[in-house]
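The values are calculated or read from the model by the stated rules, or taken from the named source; none is laboratory data. Bear in mind the structure is a predicted one, so any value in this text is a computation, not a measurement. FYI the Cβ positions are ideal-geometry reconstructions off the backbone, even for glycines, and counts take in every protein chain you see. These accessible areas exclude ligands, DNA and RNA; they are computed on the full protein's heavy atoms, side chains included. Shrake-Rupley method; radii C 1.70, N 1.55, O 1.52, S 1.80 Å.
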Amino acid sequence: MHRGGFFTVFLILASISLLFDWYVFAGLKTFTSNWRSKKLRYLVTFGYLIIAIGSTLALFLDFKTFSTAKGMTPSHEWVLSIFLMLLFTKLFFVLIMFLGDIGRFFYGIINYFIKPKGAPAKPFFPARRKFISEIATLVAAVPFSGFLYGMFKGKYDYKLHKQTLYFDDLPEAFDGFTITQISDIHSGSFDNMEAVQRGIDLAKAQKSDLFVFTGDLVNDVAWEIKPYMEQFSQLRAPYGQFSILGNHDYGDYIEWNSEAEKTANLEELKRHHKELGYRLLLDENVEIEKNGQKLSLIGVQNWGRSFIKLGDLDKALQGVDKDAFKILLSHDPTHWEEKVRYHPTTIHLTLSGHTHGAQFGVETSHLKWSPVQYVYLDWAGLINEKNRYLYVNRGFGFLAFSGRLGIWPEVTVITLKKSESPESPKV
(Lines give C-alpha, C1' and ligand atoms only; values in the text may rest on other atoms or scores of the structure.)
Protein backbone atom coordinates (compact mmCIF):
# COMPACT_ATOMS: atom_id res chain seq x y z
CA MET A 1 0.00 0.00 0.00
CA HIS A 2 1.42 3.42 -0.96
CA ARG A 3 1.59 6.29 1.51
CA GLY A 4 -1.46 7.97 -0.02
CA GLY A 5 -3.38 4.78 0.70
CA PHE A 6 -2.04 4.67 4.27
CA PHE A 7 -3.19 8.25 4.82
CA THR A 8 -6.69 7.47 3.52
CA VAL A 9 -6.93 4.49 5.87
CA PHE A 10 -5.71 6.68 8.73
CA LEU A 11 -8.40 9.30 8.07
CA ILE A 12 -11.12 6.65 8.06
CA LEU A 13 -9.88 5.02 11.28
CA ALA A 14 -9.38 8.38 12.99
CA SER A 15 -12.92 9.47 12.11
CA ILE A 16 -14.39 6.23 13.45
CA SER A 17 -12.25 6.47 16.58
CA LEU A 18 -13.29 10.04 17.36
CA LEU A 19 -16.96 9.15 16.83
CA PHE A 20 -16.52 6.28 19.29
CA ASP A 21 -14.83 8.68 21.74
CA TRP A 22 -17.94 10.88 21.86
CA TYR A 23 -20.11 7.87 22.57
CA VAL A 24 -17.76 6.38 25.17
CA PHE A 25 -17.45 9.75 26.91
CA ALA A 26 -21.25 9.84 27.33
CA GLY A 27 -21.22 6.28 28.67
CA LEU A 28 -18.46 7.03 31.17
CA LYS A 29 -20.42 10.03 32.44
CA THR A 30 -23.27 7.65 33.22
CA PHE A 31 -20.87 5.11 34.73
CA THR A 32 -19.42 7.70 37.14
CA SER A 33 -22.61 9.67 37.74
CA ASN A 34 -23.11 8.62 41.38
CA TRP A 35 -19.47 8.82 42.42
CA ARG A 36 -19.08 11.14 45.37
CA SER A 37 -15.80 12.63 44.25
CA LYS A 38 -16.26 15.18 41.50
CA LYS A 39 -12.50 15.22 40.90
CA LEU A 40 -12.47 11.46 40.38
CA ARG A 41 -15.37 11.69 37.92
CA TYR A 42 -13.48 14.30 35.92
CA LEU A 43 -10.28 12.27 36.12
CA VAL A 44 -11.99 9.23 34.55
CA THR A 45 -14.07 10.99 31.90
CA PHE A 46 -11.72 13.72 30.75
CA GLY A 47 -8.66 11.56 31.39
CA TYR A 48 -10.14 9.06 28.97
CA LEU A 49 -10.62 11.77 26.33
CA ILE A 50 -7.03 12.91 26.68
CA ILE A 51 -5.71 9.34 26.27
CA ALA A 52 -8.07 8.44 23.42
CA ILE A 53 -7.63 11.60 21.38
CA GLY A 54 -3.92 11.58 22.20
CA SER A 55 -3.54 8.10 20.69
CA THR A 56 -5.17 9.30 17.47
CA LEU A 57 -2.92 12.36 17.37
CA ALA A 58 0.13 10.20 18.09
CA LEU A 59 -0.80 7.93 15.18
CA PHE A 60 -1.03 10.97 12.90
CA LEU A 61 2.36 12.29 14.02
CA ASP A 62 3.85 8.81 13.71
CA PHE A 63 2.46 8.57 10.19
CA LYS A 64 4.30 11.78 9.33
CA THR A 65 7.51 10.19 10.62
CA PHE A 66 6.79 6.93 8.81
CA SER A 67 6.37 8.87 5.57
CA THR A 68 10.04 9.81 5.64
CA ALA A 69 11.40 6.61 7.22
CA LYS A 70 12.89 3.59 5.51
CA GLY A 71 10.49 0.93 6.72
CA MET A 72 8.26 0.25 9.69
CA THR A 73 10.14 0.24 13.00
CA PRO A 74 9.09 -1.14 16.41
CA SER A 75 8.15 2.38 17.54
CA HIS A 76 5.80 2.77 14.57
CA GLU A 77 4.23 -0.59 15.37
CA TRP A 78 3.77 0.22 19.06
CA VAL A 79 1.92 3.46 18.26
CA LEU A 80 -0.31 1.64 15.78
CA SER A 81 -0.89 -1.23 18.21
CA ILE A 82 -1.94 1.06 21.07
CA PHE A 83 -4.31 2.87 18.72
CA LEU A 84 -5.84 -0.44 17.57
CA MET A 85 -6.12 -1.69 21.16
CA LEU A 86 -8.10 1.40 22.16
CA LEU A 87 -10.16 1.32 18.96
CA PHE A 88 -11.34 -2.27 19.50
CA THR A 89 -11.92 -1.64 23.20
CA LYS A 90 -14.11 1.33 22.30
CA LEU A 91 -15.94 -0.74 19.69
CA PHE A 92 -17.04 -3.30 22.29
CA PHE A 93 -18.04 -0.56 24.74
CA VAL A 94 -20.05 1.24 22.07
CA LEU A 95 -21.84 -1.93 20.95
CA ILE A 96 -23.21 -2.55 24.45
CA MET A 97 -24.16 1.09 24.94
CA PHE A 98 -25.84 1.14 21.53
CA LEU A 99 -27.93 -1.92 22.39
CA GLY A 100 -28.99 -0.12 25.58
CA ASP A 101 -29.94 2.98 23.56
CA ILE A 102 -32.05 0.89 21.21
CA GLY A 103 -33.93 -0.32 24.29
CA ARG A 104 -34.36 3.30 25.41
CA PHE A 105 -35.74 4.19 21.99
CA PHE A 106 -38.41 1.47 21.99
CA TYR A 107 -39.22 2.20 25.63
CA GLY A 108 -39.85 5.82 24.64
CA ILE A 109 -42.14 4.81 21.75
CA ILE A 110 -44.18 2.49 23.97
CA ASN A 111 -44.56 5.14 26.67
CA TYR A 112 -45.58 7.71 24.09
CA PHE A 113 -48.50 5.65 22.78
CA ILE A 114 -49.75 4.16 26.04
CA LYS A 115 -49.36 7.23 28.23
CA PRO A 116 -52.59 7.74 30.24
CA LYS A 117 -54.57 10.91 29.56
CA GLY A 118 -53.58 13.76 31.80
CA ALA A 119 -50.33 12.10 32.85
CA PRO A 120 -47.38 14.51 33.06
CA ALA A 121 -45.11 14.62 30.02
CA LYS A 122 -41.94 12.57 30.20
CA PRO A 123 -38.78 12.81 28.12
CA PHE A 124 -39.08 10.65 25.05
CA PHE A 125 -35.72 9.05 25.87
CA PRO A 126 -35.39 7.88 29.46
CA ALA A 127 -32.01 8.45 31.06
CA ARG A 128 -29.29 5.89 30.41
CA ARG A 129 -29.25 3.23 33.09
CA LYS A 130 -26.01 2.86 34.99
CA PHE A 131 -25.91 -0.92 34.84
CA ILE A 132 -25.69 -0.76 31.01
CA SER A 133 -22.52 1.31 31.25
CA GLU A 134 -21.18 -1.12 33.85
CA ILE A 135 -21.78 -4.07 31.52
CA ALA A 136 -20.16 -2.12 28.67
CA THR A 137 -17.08 -1.49 30.81
CA LEU A 138 -16.78 -5.17 31.75
CA VAL A 139 -17.20 -6.33 28.15
CA ALA A 140 -14.68 -3.77 26.88
CA ALA A 141 -12.14 -5.03 29.41
CA VAL A 142 -11.92 -8.33 27.50
CA PRO A 143 -10.38 -7.01 24.24
CA PHE A 144 -8.31 -4.50 26.22
CA SER A 145 -6.76 -7.29 28.31
CA GLY A 146 -6.34 -9.51 25.25
CA PHE A 147 -4.47 -6.84 23.32
CA LEU A 148 -2.18 -6.17 26.28
CA TYR A 149 -1.36 -9.88 26.56
CA GLY A 150 -0.73 -10.18 22.83
CA MET A 151 1.56 -7.13 22.81
CA PHE A 152 3.64 -7.95 25.88
CA LYS A 153 3.74 -11.78 25.82
CA GLY A 154 1.85 -13.38 22.93
CA LYS A 155 4.11 -12.17 20.13
CA TYR A 156 7.02 -14.15 21.62
CA ASP A 157 5.01 -17.14 22.87
CA TYR A 158 6.59 -19.60 20.42
CA LYS A 159 4.73 -22.84 19.76
CA LEU A 160 6.03 -26.07 18.25
CA HIS A 161 3.87 -27.68 15.56
CA LYS A 162 4.71 -31.22 14.46
CA GLN A 163 3.42 -33.10 11.44
CA THR A 164 4.22 -36.61 10.21
CA LEU A 165 3.52 -37.17 6.51
CA TYR A 166 3.42 -40.56 4.77
CA PHE A 167 4.39 -41.14 1.12
CA ASP A 168 4.62 -44.41 -0.76
CA ASP A 169 7.29 -43.05 -3.14
CA LEU A 170 9.56 -41.54 -0.51
CA PRO A 171 13.11 -42.93 -0.94
CA GLU A 172 13.77 -45.42 1.84
CA ALA A 173 16.85 -43.55 3.03
CA PHE A 174 14.62 -40.60 3.93
CA ASP A 175 12.19 -42.60 6.05
CA GLY A 176 12.08 -40.58 9.30
CA PHE A 177 13.84 -37.54 7.76
CA THR A 178 12.98 -34.35 9.69
CA ILE A 179 12.63 -30.76 8.49
CA THR A 180 12.46 -27.69 10.71
CA GLN A 181 10.71 -24.74 9.10
CA ILE A 182 10.40 -21.15 10.22
CA SER A 183 8.92 -18.33 8.17
CA ASP A 184 8.26 -14.59 8.24
CA ILE A 185 10.96 -13.51 10.67
CA HIS A 186 10.28 -9.78 10.01
CA SER A 187 13.38 -8.83 11.94
CA GLY A 188 12.61 -5.09 11.70
CA SER A 189 9.72 -5.58 14.13
CA PHE A 190 11.60 -7.25 17.00
CA ASP A 191 11.99 -5.32 20.25
CA ASN A 192 13.24 -8.05 22.63
CA MET A 193 16.43 -9.89 21.69
CA GLU A 194 16.21 -12.34 24.61
CA ALA A 195 12.67 -13.34 23.64
CA VAL A 196 13.76 -13.93 20.04
CA GLN A 197 16.51 -16.21 21.31
CA ARG A 198 13.89 -18.39 23.01
CA GLY A 199 12.31 -19.06 19.64
CA ILE A 200 15.66 -19.85 18.08
CA ASP A 201 16.48 -22.20 20.96
CA LEU A 202 13.18 -24.00 20.37
CA ALA A 203 14.08 -24.51 16.71
CA LYS A 204 17.63 -25.64 17.56
CA ALA A 205 16.34 -28.13 20.13
CA GLN A 206 14.53 -30.11 17.41
CA LYS A 207 17.87 -31.24 15.91
CA SER A 208 16.24 -31.79 12.52
CA ASP A 209 18.02 -33.16 9.47
CA LEU A 210 17.20 -30.10 7.36
CA PHE A 211 16.41 -26.44 8.11
CA VAL A 212 14.34 -24.24 5.79
CA PHE A 213 13.27 -20.60 5.99
CA THR A 214 10.34 -19.61 3.77
CA GLY A 215 10.69 -15.86 3.30
CA ASP A 216 10.26 -12.34 4.70
CA LEU A 217 13.55 -12.00 6.56
CA VAL A 218 12.91 -8.24 6.94
CA ASN A 219 10.05 -5.76 6.82
CA ASP A 220 11.53 -3.58 4.10
CA VAL A 221 15.29 -3.00 4.23
CA ALA A 222 18.30 -5.28 4.48
CA TRP A 223 19.88 -3.68 7.57
CA GLU A 224 16.95 -4.80 9.75
CA ILE A 225 18.41 -8.31 10.12
CA LYS A 226 21.91 -7.11 11.14
CA PRO A 227 21.30 -7.01 14.92
CA TYR A 228 20.09 -10.63 14.77
CA MET A 229 22.67 -12.15 12.44
CA GLU A 230 24.49 -14.01 15.19
CA GLN A 231 21.26 -15.44 16.58
CA PHE A 232 19.71 -16.72 13.35
CA SER A 233 23.05 -18.08 12.14
CA GLN A 234 22.81 -20.55 15.04
CA LEU A 235 20.24 -22.52 13.05
CA ARG A 236 22.14 -25.41 11.52
CA ALA A 237 21.22 -28.87 10.25
CA PRO A 238 23.28 -31.85 8.99
CA TYR A 239 21.81 -31.65 5.48
CA GLY A 240 21.96 -27.87 5.23
CA GLN A 241 20.03 -24.64 5.64
CA PHE A 242 17.98 -23.31 2.73
CA SER A 243 15.91 -20.17 2.24
CA ILE A 244 13.76 -18.20 -0.19
CA LEU A 245 12.55 -14.60 -0.50
CA GLY A 246 9.14 -13.30 0.54
CA ASN A 247 7.19 -10.32 -0.73
CA HIS A 248 8.60 -7.96 1.93
CA ASP A 249 12.20 -8.81 1.04
CA TYR A 250 12.05 -6.94 -2.27
CA GLY A 251 11.58 -3.49 -0.69
CA ASP A 252 8.38 -2.76 -2.59
CA TYR A 253 6.52 -1.08 0.27
CA ILE A 254 8.74 1.98 0.81
CA GLU A 255 10.04 4.74 -1.43
CA TRP A 256 13.63 4.61 -2.67
CA ASN A 257 15.75 7.46 -3.97
CA SER A 258 16.40 5.45 -7.11
CA GLU A 259 15.86 2.04 -8.63
CA ALA A 260 19.58 1.44 -8.21
CA GLU A 261 19.28 1.97 -4.44
CA LYS A 262 16.43 -0.53 -4.27
CA THR A 263 18.42 -3.07 -6.29
CA ALA A 264 21.44 -2.60 -4.04
CA ASN A 265 19.27 -3.25 -0.98
CA LEU A 266 18.07 -6.56 -2.42
CA GLU A 267 21.63 -7.60 -3.24
CA GLU A 268 22.68 -6.78 0.32
CA LEU A 269 19.83 -8.89 1.65
CA LYS A 270 20.94 -11.82 -0.48
CA ARG A 271 24.43 -11.48 1.00
CA HIS A 272 22.91 -11.61 4.48
CA HIS A 273 21.30 -14.96 3.65
CA LYS A 274 24.74 -16.28 2.74
CA GLU A 275 26.29 -14.80 5.91
CA LEU A 276 23.59 -16.52 7.95
CA GLY A 277 24.64 -19.81 6.40
CA TYR A 278 21.46 -20.16 4.33
CA ARG A 279 21.56 -21.28 0.70
CA LEU A 280 19.13 -18.89 -0.98
CA LEU A 281 17.16 -20.64 -3.73
CA LEU A 282 16.11 -18.29 -6.54
CA ASP A 283 13.97 -20.32 -8.94
CA GLU A 284 16.36 -23.27 -8.67
CA ASN A 285 16.74 -26.68 -7.11
CA VAL A 286 19.27 -28.73 -5.20
CA GLU A 287 19.55 -32.44 -4.51
CA ILE A 288 19.63 -33.67 -0.93
CA GLU A 289 21.48 -36.99 -0.82
CA LYS A 290 21.34 -39.59 1.93
CA ASN A 291 22.80 -43.08 1.75
CA GLY A 292 23.02 -42.91 -2.02
CA GLN A 293 19.38 -41.83 -2.49
CA LYS A 294 18.14 -38.34 -3.29
CA LEU A 295 15.24 -35.95 -3.00
CA SER A 296 14.87 -32.60 -4.78
CA LEU A 297 14.50 -29.37 -2.83
CA ILE A 298 13.10 -26.58 -4.99
CA GLY A 299 12.90 -22.88 -4.15
CA VAL A 300 11.09 -20.11 -6.00
CA GLN A 301 11.02 -16.35 -5.65
CA ASN A 302 7.80 -14.81 -4.39
CA TRP A 303 4.65 -15.53 -6.33
CA GLY A 304 1.40 -14.31 -4.83
CA ARG A 305 -2.10 -13.81 -6.14
CA SER A 306 -2.21 -10.27 -4.78
CA PHE A 307 1.51 -9.57 -4.49
CA ILE A 308 4.69 -9.68 -6.53
CA LYS A 309 4.76 -12.48 -9.10
CA LEU A 310 8.41 -13.28 -9.77
CA GLY A 311 8.54 -16.99 -8.97
CA ASP A 312 9.11 -19.21 -12.00
CA LEU A 313 8.26 -22.79 -11.08
CA ASP A 314 9.09 -24.22 -14.50
CA LYS A 315 12.55 -22.68 -14.34
CA ALA A 316 13.04 -23.99 -10.81
CA LEU A 317 12.12 -27.51 -11.96
CA GLN A 318 14.68 -27.61 -14.76
CA GLY A 319 16.93 -30.64 -14.37
CA VAL A 320 14.68 -32.32 -11.78
CA ASP A 321 13.85 -35.93 -12.57
CA LYS A 322 10.09 -36.28 -13.05
CA ASP A 323 10.09 -39.27 -10.69
CA ALA A 324 12.08 -37.53 -7.97
CA PHE A 325 10.55 -36.86 -4.57
CA LYS A 326 10.06 -33.08 -4.53
CA ILE A 327 9.76 -30.49 -1.77
CA LEU A 328 9.01 -26.89 -2.78
CA LEU A 329 9.71 -23.72 -0.80
CA SER A 330 7.26 -21.00 -1.90
CA HIS A 331 6.46 -18.08 0.38
CA ASP A 332 2.84 -17.34 -0.55
CA PRO A 333 0.28 -20.20 -0.24
CA THR A 334 -1.75 -18.80 -3.14
CA HIS A 335 1.06 -20.05 -5.38
CA TRP A 336 0.13 -23.59 -4.34
CA GLU A 337 -3.58 -22.84 -4.70
CA GLU A 338 -3.30 -21.49 -8.25
CA LYS A 339 -0.20 -23.11 -9.73
CA VAL A 340 1.48 -25.90 -7.81
CA ARG A 341 -1.40 -28.25 -7.11
CA TYR A 342 -2.41 -28.20 -10.80
CA HIS A 343 1.11 -28.44 -12.22
CA PRO A 344 1.75 -31.46 -14.48
CA THR A 345 4.81 -32.27 -12.37
CA THR A 346 3.89 -33.77 -9.01
CA ILE A 347 5.33 -31.77 -6.13
CA HIS A 348 4.84 -33.83 -3.02
CA LEU A 349 5.15 -31.13 -0.36
CA THR A 350 5.08 -27.32 -0.48
CA LEU A 351 6.19 -25.25 2.50
CA SER A 352 4.84 -21.69 2.76
CA GLY A 353 4.16 -18.87 5.22
CA HIS A 354 3.11 -15.28 4.50
CA THR A 355 -0.34 -15.10 6.14
CA HIS A 356 0.81 -14.92 9.82
CA GLY A 357 -2.68 -16.30 10.54
CA ALA A 358 -3.45 -12.56 10.80
CA GLN A 359 -1.66 -12.77 14.21
CA PHE A 360 -5.16 -13.03 15.67
CA GLY A 361 -7.73 -15.79 15.87
CA VAL A 362 -8.90 -18.92 17.63
CA GLU A 363 -7.39 -22.39 17.27
CA THR A 364 -8.76 -25.27 19.32
CA SER A 365 -9.41 -28.94 18.60
CA HIS A 366 -12.92 -28.01 17.46
CA LEU A 367 -12.59 -24.48 16.11
CA LYS A 368 -10.12 -22.79 13.80
CA TRP A 369 -10.89 -19.19 12.87
CA SER A 370 -9.02 -16.07 11.88
CA PRO A 371 -10.10 -13.03 9.84
CA VAL A 372 -7.37 -13.94 7.36
CA GLN A 373 -9.50 -16.89 6.20
CA TYR A 374 -11.69 -14.43 4.30
CA VAL A 375 -8.66 -13.56 2.17
CA TYR A 376 -6.75 -16.86 1.99
CA LEU A 377 -8.25 -20.27 1.36
CA ASP A 378 -5.26 -21.96 3.03
CA TRP A 379 -3.86 -19.84 5.85
CA ALA A 380 -2.38 -22.09 8.55
CA GLY A 381 -1.40 -25.71 9.02
CA LEU A 382 -1.61 -28.71 6.71
CA ILE A 383 -3.64 -29.04 3.52
CA ASN A 384 -3.85 -32.17 1.38
CA GLU A 385 -5.27 -32.42 -2.10
CA LYS A 386 -4.76 -35.71 -3.92
CA ASN A 387 -1.61 -36.40 -1.91
CA ARG A 388 -0.10 -33.03 -2.81
CA TYR A 389 0.54 -31.39 0.54
CA LEU A 390 0.85 -27.76 1.55
CA TYR A 391 1.99 -26.64 4.98
CA VAL A 392 1.45 -22.97 5.90
CA ASN A 393 3.63 -21.80 8.78
CA ARG A 394 2.02 -19.17 11.03
CA GLY A 395 5.20 -17.11 11.12
CA PHE A 396 8.04 -16.57 13.56
CA GLY A 397 7.73 -12.79 13.79
CA PHE A 398 5.04 -10.14 13.46
CA LEU A 399 4.30 -7.05 11.40
CA ALA A 400 2.31 -3.81 11.87
CA PHE A 401 0.45 -5.05 14.97
CA SER A 402 3.17 -5.58 17.56
CA GLY A 403 1.47 -8.58 19.05
CA ARG A 404 -0.20 -11.95 18.59
CA LEU A 405 -3.36 -13.28 20.17
CA GLY A 406 -4.63 -16.82 19.60
CA ILE A 407 -2.38 -17.37 16.58
CA TRP A 408 1.03 -17.78 18.19
CA PRO A 409 4.47 -17.62 16.54
CA GLU A 410 5.50 -20.99 15.17
CA VAL A 411 8.36 -23.40 14.74
CA THR A 412 7.38 -26.33 12.51
CA VAL A 413 8.87 -29.81 12.42
CA ILE A 414 7.80 -32.15 9.60
CA THR A 415 8.76 -35.82 9.62
CA LEU A 416 8.72 -37.72 6.33
CA LYS A 417 7.73 -41.38 6.54
CA LYS A 418 7.60 -44.07 3.91
CA SER A 419 4.38 -46.00 3.66
CA GLU A 420 3.04 -48.48 1.12
CA SER A 421 -0.45 -47.18 1.89
CA PRO A 422 -0.26 -43.39 2.36
CA GLU A 423 -2.22 -42.27 5.39
CA SER A 424 -4.13 -39.02 5.61
CA PRO A 425 -2.66 -37.00 8.48
CA LYS A 426 -4.82 -34.92 10.72
CA VAL A 427 -5.11 -31.33 9.57
Q) In square nanometres, what is one fourth of the surface area of the convex hull spanned by the alpha carbons of the range 128-237? A) 11.6
Q.
I'd like the accessible area for VAL44: 1.4 Å probe, protein heavy atoms, all chains in place, Å² to the nearest 10.
A. 40
Q. Antiparallel DSSP bridges in the range 193-302: what percent, to the nearest 5?
A. 60
Q | Candidate residues HIS366, HIS343: accessible-area rank, largest first, probe 1.4 Å | A | HIS366, HIS343
Q. Of LYS315/LYS339; LYS207/LYS309; LYS162/LYS339; LYS226/LYS294; LYS322/LYS417; LYS262/LYS309, which sit over 23 Å apart, Cα to Cα?
A. LYS207/LYS309; LYS162/LYS339; LYS226/LYS294
(Q) Using a 1.4 Å probe on the protein heavy atoms only, what accessible surface does ILE102 show? Give it in Å² to the nearest 10. (A) 60
Q) Got a sec? What order do PHE167, PHE20 fall in by accessible area at 1.4 Å, biggest, i.e. largest, first? A) PHE20, PHE167
Q.
Which one, VAL362, VAL286, VAL375, has the greatest fluctuation when you compute a Gaussian network model over the chain with C-alpha springs under 10 angstrom?
A. VAL375
Q.
Give me P(r) over the range 312-416, computed from all C-alpha to C-alpha distances, binned every 5 Å, as integer percentages.
A. 2, 12, 23, 21, 17, 12, 7, 4, 1
(Q) I'd like to check one number: the per residue accessible area of the chain, probe 1.4 Å, reported in Å² as a whole number. (A) 48
Q: Tally the DSSP beta bridges in the chain and give the antiparallel ones as a percent, rounded to 5.
A: 40
Q. Normalised by the number of residues in the chain, what is the relative contact order in percent for Cα pairs under 8 Å and 6+ residues apart?
A. 20
Q: Per DSSP H run of at least 4 residues, take -39500 (n - 2.57); add these up for the chain, divide by its residues and hand me the 222 nm value, nearest 500 deg cm²/dmol.
A: -13500 deg cm²/dmol
Q: Could you state how much accessible area LYS204 has, in square angstrom rounded to the nearest 10, with a 1.4 Å probe and all protein chains kept in place?
A: 90
**Q.** Residues of the range 154-196 with amide N under 19 Å of the 7 Å Cα→Cβ point at GLU287
**A.** 169-175
Q.
Below 8 Å, C-alpha to C-alpha, sequence gap of six or more: please give me the relative contact order for the range 267-361 in percent.
A. 22
Q: For the range 140-200, just the Cα atoms, rotate onto the principal axes and tell me the three extents in Å, largest first.
A: 54, 27, 16
Q) Of ILE96, ILE182, which has the most accessible area and how do the rest follow, probe 1.4 Å? A) ILE96, ILE182
(Q) Which one, PHE232, SER183, GLY47, projects farthest toward the positive side of the charge dipole computed for the chain from Cβ point charges (K/R +1, D/E -1)? (A) GLY47
Q: Evaluate the Kirkwood expression for the hydrodynamic radius of the chain, namely the inverse of the mean inverse distance over all pairs of different C-alpha atoms, and round to one decimal in Å.
A: 24.2
(Q) What Kirkwood Rh does the range 243-393 have if only Cα atoms enter the pairwise 1/r average? Answer in Å. (A) 16.7
